[in-house]
Amino acid sequence: MKFKTDARLSVAAVVVCAGRGQRSGLPYNKVLHCIGCKTVLESVLDVLCRTEVEHITVVSSPEDLVRITELTAEYSNTTVVIGGETRAQSVVNGLKAHECDIVVIHDGARPFVTEDIIARSIDSAVRYGSGIAAVKSIDTVKRVTADGVTALPRDELYNVQTPQTFRYSEILSAYDSMTGAPTDDAEVYERAGFSPRLIEGDYSNKKLTTPADLLGLSKGCKIGVGFDLHRLVTDRKLILGGVEIPYELGLLGHSDADVLTHAIMDALLSAANLSDIGALFPDTDERYKGISSMTLLSDVLARITDGGYAIGNISAVVMAQKPKLAPHIDGIRNSLCAALAIDKSRINVSATTTEGIGLIGEGNAIAVSAACILTENSIGYLKT
Ligand code: MG
């Protein structure tokens, strides 16, 4: 704990984690999402522990109680209480769990808070009763009513964050007299007749809310590579990425011999340490005779998703002397991104000849080299 603002005052924090965070698109509470090697909640607790906060009450939903209790066990002077139906009720539960002189109320989903912001908010609360982190509004804000759209003066507008720090007795009495559904603690305080005082927050002190906020915050990335080659023969279809390409020859194989999809599957499986298609779908197995490789691709997608991976991007190069593939590339990308439930921007397919050299150059085979990035414990099941 750092130098105390006032040795006579006890400072505690309430960290609110009881929301369901449905806008994040995660199947679990976003405070349990990993950033690097720790969760969002641990990131918040780590910062609070470096300030003059002496006790932390974490407010959890009943569903997350076990996990959050496990995480907070690593921290001294931290207790966990169950939240209420609303954020306001959760804050009240947190406030009543531990008495103090100054209380720092913070969203569990704001992991980029700094010691300086917390120190400024505590200092302001000691001096003036409250310290509410806020930043000047960058976006122009409009009021939209039945009468039309009105521009609001941007100089007067602030985006309010947490921490919101108060004299404990004042914010508790304000919550006791609360009616309606306040959007934050400062509103409760203001409605009770107090004057909230803003302190300088930080634009990076963002609340993680939407899938976009969580992108790039995954645990880590894994690269995968895949390669495949099939011989071109008569009386077979030429299928690439699930798309039938008009050509006098087709690819020979046990399945539909979709060489592009095969290379992509092997890239995905290799990144996830899940063996390869030769082992998973052997060409000695009658079940796979003539099967569409897109069916196998769905199976591979399920395996990597179950393994906690999401597709960052895929890039593949098709090596073929003939036919000309440029007119078909867009359709192939559409087919693959639909099968993988990813945005088209995440998959690239290019084509090259081999200058007439070798098996491919002589028009006897098509080969594909594919690479991919998978992200771990990310939001892969989200369709971007
Ligand atoms: Mg193959």
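The values are calculated or read from the model by the stated rules, or taken from the named source; none is laboratory data. What you see is a predicted model, and the numbers here were worked out from it, not measured in a lab. So basically every Cβ, Gly included, is an ideal-geometry build from the backbone, and we count neighbours across all protein chains shown. Heads up: the accessible areas ignore ligands, DNA and RNA and are worked out on the full protein's heavy atoms, side chains in. Shrake-Rupley method; radii C 1.70, N 1.55, O 1.52, S 1.80 Å.
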As an exercise, use a Förster radius of 35 Å and the Cβ-Cβ distance of residue 223 and residue 183 to find the FRET efficiency, rounded to the nearest 0.05. 0.20
Cα atoms only, the stretch 124-229: Rg and Dmax in Å? 20.5, 75
Surrounding charge for residue 271, neighbours by C-beta under 13 angstrom, Lys/Arg +1, Asp/Glu -1, total -1
Can you pull the one-decimal nm distance between simple spin-label points at residue 285 and residue 350, each 7 Å off the Cα toward Cβ? 3.4
In Å³ and rounded to a whole number, note down the convex hull volume per residue for the Cα atoms of the stretch 46-121. 94
When the Cα atoms of the stretch 1-136 are enclosed in a convex hull and the volume is divided per residue, what value in Å³ results? 120
In nm, to one decimal, how far is the residue 79 label point from the residue 233 one, both placed 7 Å along Cα→Cβ? 7.5
With springs connecting C-alpha atoms under 10 Å apart, model the chain as a Gaussian network and identify which of 231, 110, 154 has the largest mean-square fluctuation. 154
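Per residue, how big is the convex hull around the C-alpha atoms of the chain? Give it to me in cubic angstrom, could you?
It comes to 195 Å³ per residue, whole-number rounded.
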What does the charge count around residue 283 come to, taking other residues whose C-beta lies under 13 Å from its C-beta (Lys +1, Arg +1, Asp -1, Glu -1)? -3
Heavy atoms only, probe 1.4 Å: what % of the accessible area of the stretch 198-293 goes to carbon and sulfur, would you let me know? 54
Of the peptides 292-301, 347-356, how do they stack up when ordered by the mean number of other Cβ atoms within 10 Å, highest first? 292-301, 347-356
For residue 229, what is the net charge nearby, where nearby means another residue's Cβ is under 13 Å from its Cβ and Lys, Arg count +1, Asp, Glu -1? -2
Would you please put 117-130, 273-286 in order of how densely packed they are, using the mean number of other Cβ atoms within 10 angstrom per residue and starting with the highest? 117-130, 273-286
For the stretch 44-125, which whole-number percentage of the solvent-accessible area (1.4 Å probe, protein heavy atoms only) is attributable to carbon and sulfur atoms? 49
